[in-house]
Structures are given as C-alpha cells and as structure tokens.
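Asker: Before I ask anything, here is the structure I am working with.
The values are calculated or read from the model by the stated rules, or taken from the named source; none is laboratory data. If you're wondering where the values come from, they're calculated on a predicted model, not measured in any experiment. Please note: Cβ atoms are built from the backbone with ideal geometry, for glycine as well, and neighbour counts cover all protein chains shown. SASA here: full protein model, heavy atoms, side chains in, ligands and nucleic acids out. Shrake-Rupley method; radii C 1.70, N 1.55, O 1.52, S 1.80 Å.
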Amino acid sequence: MKLTSAISSVMAALAIMPAANATAENVVINGNIIDWYYYGKDIHSSNTGWYQMPVGGIDTPANLGMFQIAIDPSSTKEDKYVGMDFMADNLRNHVLYSNAGGVFTGDYFYSFFMHETPESQESNEEYGSEEWEILIRKWDLETGKYETLDKRLPAQPTDLTYDPINDRVYGIFRIFTEEEDYYYELCELDMETFEVRQISHEMFDTYQDPRALAINSKGEIYGITQRGEVLKFDKETGACTRVGNTGFCTQERMMSAAFDFRTDKLYWLGYVNDGIKDHSDTSGSNNHLSIAEGGRDTGIFEVNTTTGVATLLSKPEHKEFDYEAMKLNWAGKVQMTGIWVDGSFEKADQDLKVDLVSAPQSLKAGETGEIQVKVKNIGKNLVGEDDWSVELQAGGAKVASKSGRDLEKGESRVVKFAYTAPASGPVALTAVIVSDKDQVAANNSTAEFTIQVVPGGIKGDVDGDGEVDTNDLNAVINALVGKGSASNTDVDGDGTTDVSDVNALINLVLGKGM
C-alpha cells in the first residue's frame, strides 16, 4: 500500500512482517477510527480547545477512516509510539461509518453502521421513537472501494474478532428481549449469511459486557469489560473465567483489542479512565470526566493474559494539532474499532475448511437420512476440482466420498450425502477433506456428530438386528406371554401387541408381506 506521510518509509518496512513466532521490532496496529478529538483551533472560529474531528459535511472533508498506528513494544522509552497514518491514499477521504464495530477477515474489512431506517426517518415524530438498522459494508483495503451489502446485521456488536484458523467471526452482541430490554452475549457471526448464533447465556449487564474481544493463535478468546476485567471464553459453550483486572477503568464506549499471532501478545486500544476515582468501585459510572480533565483519554496497552494486568505503551500527547495541515500524529483522543495487527496472520495458498450444516438427530435402523456439509475455500487461490474431495466417515472408516469442483477464493459449496443407518447405534460421523495440496490440516475435519439409531427401522425387525426372522417372531410371542422386553412389538401398527402382530410377522418371515 502507498502511504502518505513522512513516516511512509517506516510503515513500508513494517508492511513485510517476519514469519510466525518471530520477533518484530515494531508492531503496526490497523483499525478504523470512528472518533477523534484534537486540541487546537476551531475550524469555524479562532477559539482554541478540544474539538471533535469532523466526519464530513458541506465545508469539511471526510477525515476518518482506516489508520495505522506503529508502536515499539521493546523500546525502553516510556512512550513506545512510533507513528500514525492513513493506511493508504485511496482511503484518505472515506468515512467507514463503523459505529457498530468492524472486523478484518484477512481479505476484506467489514464495517457495521447503525442508523435510523428510512421509514423511521420519514415517520418519526418524537425523540426516542426511532427504528434502527445495521448496514454492512465490505471494504477492499487495496482499492479503497466498498459495497453496501443487501443484508442487515440482526443484532448490534460491541467488538468482533476473526479466527483465521476456522474462518469464523466471534463477537459480543447486544440481544434484545421481547420486553424491549437487552443484555449481552458471546455469539458467532456467519460472514456469508450474516446470521448471529448465540453461544453463551452469560447475559452480561451494561458494565460487565466485554467491550473488546480478541482471539489468539491457539483459538482462545479473551475479552475486556468496562470495569477493566479480563475474561477468557470457551468458544463452544461461551462459559467465561476471570483472568484478572487491567488496572484501568474504561468508558461505556467502543474500544477494541487484537493479538499479534507471531508472539501471542494482546494489544488493546482502550480508555485510561472514565471518572471513577476508586478502581475498586464495581458499580460502573456514567460520571465521565470532561475532555479537558482527561475524559475520553485513550491509549495503547499490552495486556498480560495470565494476570490481566495492562501496561500502557503509549498515551496521546496533548500538543496542539494543526488541522489545516492534517498532520496525523498521536496528538488526540482516538477511538478505533475492528483493530488487527498488520501481518499477524497470512492465509495459506491452498486451504479448505469443512463444517457440518445439518444432520438428523436420529434414524431408524435401515432408514436413510441426508447429511449436509459445507466446504469453503479460505485460502488465497483457486482450488481445482481435481485437487480435493470430501469423505463421510463412521468411526474413522470411509462410508462415502464425493469429488470436488473448482472453488474460487472465498467460495463455498454444500455437499450432500445419503446415509443409511445400520442395525444398531449410536453412530459417530465425521466429514473430512481429502487433499494433497491443502496446507492447513486444523480445519479439514468436522467434530464428530452422533446419530442415534432407533431399533425397528425395518418393518418386523423387532430385535433391531437388521433382519426379519424367527427371532423377531419369538420376541413378539414372548411379549404376549409377559416374558419379553422388546418395546417395538406392534408390528401391524394398530397400537397394541396381540395375535395379529404374530400373524403379520409370520407373513413377513414367509415373504408374503402384511
């Protein structure tokens, strides 16, 4: 990317990052600035003070968008800030409108913008009666172009994080109840359908909900709450455990966090304080300090994921900002969403991921049901039809296989299998990608999913062994005289077990039908 300021040479050097687990001198944090206060002269008057940066209008350019902030974590200086700039010229005059969060998925940046619906704008007659929707914009950061998708996000996120290993996005979402109240939960966001799947049922309240969320190279999710509490989440159940406290009380505002996968260090762009004088106060606070007193002070932190303690790496200098020159620096109060560490992860050239879409919970013995799995190309290049297939396995043994087709980057395909249940179960099934060229094995297999097998899938197969014979006849006779334990002896389906069932079975054994 071509950069625009005097620090371009520094940024260019940082654009090529070392391989995994290597140590980089500087770390570049990318993200979308949605709020920026600067100290200087008001553009409409000669007054000097703290002012919010305009985001576009009749006489002002749109100056907020994608930015890079460079820090040097290894520096011995108290302030480890190196430089700040727009990510690229083509994003300089864009407003990403990401007040409902954003997330970078390795290929694109998605911004979520919450605004009043057009219908509500036309009919709204009183304050507070607005109806809101969340727009989805997909950004190509190389070209600076975006498209507004025809879908809407069904719930409002506070922060989102992308797992490049399983190509999933996780976030803390505000969930509304039928009583028009709301709470917060850990959810998974499908980046194709934009459906939100609730994972947890923690029901965080306003001051406990994590406002920053990040996932590390091991797939572990951490969150930071407004009280400065650091939490660790279970991705499958949503259960969380307390790690510790950052030592900083934050504001009821947007913030964001991200791991550097090369070192698994957690970086957090958050607030230094929110007016709570006593850090042991757990009640939360709406009594924010004024801007002049340090309210909305932001900083870049490194968070210890063992203790939860945060180290302030850099706090913006409150020197006067030259608005006319638009010289970007760390001389302001900066609020960013959807941050990630530049070069932190690289997608493989060839990489397929398989997920279970649907499967029956149970089947009768001999009954056939449909298994659906989705295969997605999450690598950087096309995967040819001759380069992969998907197997359905039961207990590790192949029961069916289907060849692939060409999959473009980001493209997915649903593969359907017809599976016939055996005489007895349960059966543990797994869908597995088979490819000699696939470079990431971690996402080539689904978790085992279990299908319960219900005896009696074959008419007259009372004992569930897959055959209709004299053993089944004996089972019915024993049931009639009170000696048997078979539960599916109603062969003719009239609701009772009697002589008619014996006759029906005799005909089935003799091949005469019922």
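Asker: Are there any pairs with C-beta distances below 6 angstrom linking a residue in region 491-509 that is at pLDDT 80 or above and assigned to a helix (DSSP H, G or I) to a residue that is open to solvent by 50 Å² or more (accessible area, probe 1.4 Å) and of a type outside the set (K, R), with the two at least 6 apart or on different chains, and if so which?
Answerer: S500/D492; A504/D492; A504/M514; N507/M514
Asker: Contact list please: Cβ distance under 7 Å, first residue in region 212-226 and at positive phi, second residue of a type in the set (V, I, T) and open to solvent by 10 Å² or more (accessible area, probe 1.4 Å), pairs at least six apart or on different chains.
Answerer: G219/I165
Asker: Now, a different point. Would you confirm, using the coordinates I've provided, whether V454 is β-branched (V, I, T) and either more than 35 Å from the chain's Cα centre (by Cα) or modelled with pLDDT of 90 or more (or both)?
Answerer: Taking the combined requirement at face value, the residue satisfies it.
Asker: Of everything in region 344-373 that's open to solvent by 40 Å² or more (accessible area, probe 1.4 Å), charged (D, E, K, R) and within 23 Å of the chain's Cα centre (by Cα), which residue is nearest to A258 (Cα to Cα)?
Answerer: Among them, the one singled out is E346.
Asker: For region 397-404, indicate whether the set of residues that are open to solvent by less than 70 Å² (accessible area, probe 1.4 Å), hydrophobic (A, V, I, L, M, F, W, C), out of contact with any Ser or Thr (no Cβ under 6 Å at 6 or more places or on another chain) and not in a loop (DSSP other than H, G, I, E, B) is non-empty. Before the answer, list the steps.
Answerer: Going through region 397-404, the residues open to solvent by less than 70 Å² (accessible area, probe 1.4 Å) turn out to be 397, 400-401, 404.
Now restrict to residues that are hydrophobic (A, V, I, L, M, F, W, C): 397, 400.
Now drop any that are not out of contact with any Ser or Thr (no Cβ under 6 Å at 6 or more places or on another chain), which leaves 397, 400.
Subset that is not in a loop (DSSP other than H, G, I, E, B): 397, 400.
Checking region 397-404: at least one residue is open to solvent by less than 70 Å² (accessible area, probe 1.4 Å), hydrophobic (A, V, I, L, M, F, W, C), out of contact with any Ser or Thr (no Cβ under 6 Å at 6 or more places or on another chain) and not in a loop (DSSP other than H, G, I, E, B).
Asker: Continuing with the same structure: Test each condition in (1) surrounded by 14 or more Cβ atoms within 10 Å (Cβ to Cβ); (2) farther than 30 Å from I29 by Cβ; (3) modelled with pLDDT of 90 or more; (4) of a type in the set (S, T, N, Q) for N377 and report the one that comes out false.
Answerer: Single failed check for N377: (2).
Asker: Moving on to the next point. Among the residues of region 413-426, count how many are modelled with pLDDT under 90 and either within 26 Å of the chain's Cα centre (by Cα) or assigned to a strand (DSSP E or B) (or both).
Answerer: Number satisfying all stated conditions: 1.
Asker: With the requirement that a residue be of a type in the set (D, E, K, R) and surrounded by fewer than 20 Cβ atoms within 10 Å (Cβ to Cβ), what does region 230-264 give you?
Answerer: K232, D234, K235, E236, R242, E252, R253, D264, listed by residue number.
Asker: From the set of residues in region 373-405 that are of a type in the set (K, R) and in contact with a strand residue (DSSP E or B) (Cβ under 6 Å, 6 or more places away or on another chain), which is nearest to D351 (Cα to Cα)?
Answerer: The selected residue is K376.
Asker: Is it the case that region 151-159 has a residue that's modelled with pLDDT under 90, over 16 Å from the mean Cα position of the chain (by Cα) and of a type in the set (A, V, I, L, M)?
Answerer: No.
Asker: Also, I was wondering about something else. Would you mind telling me which numbered condition in (1) modelled with pLDDT of 85 or more; (2) assigned to a loop (DSSP other than H, G, I, E, B) V462 fails?
Answerer: The number of the failed condition is (1).
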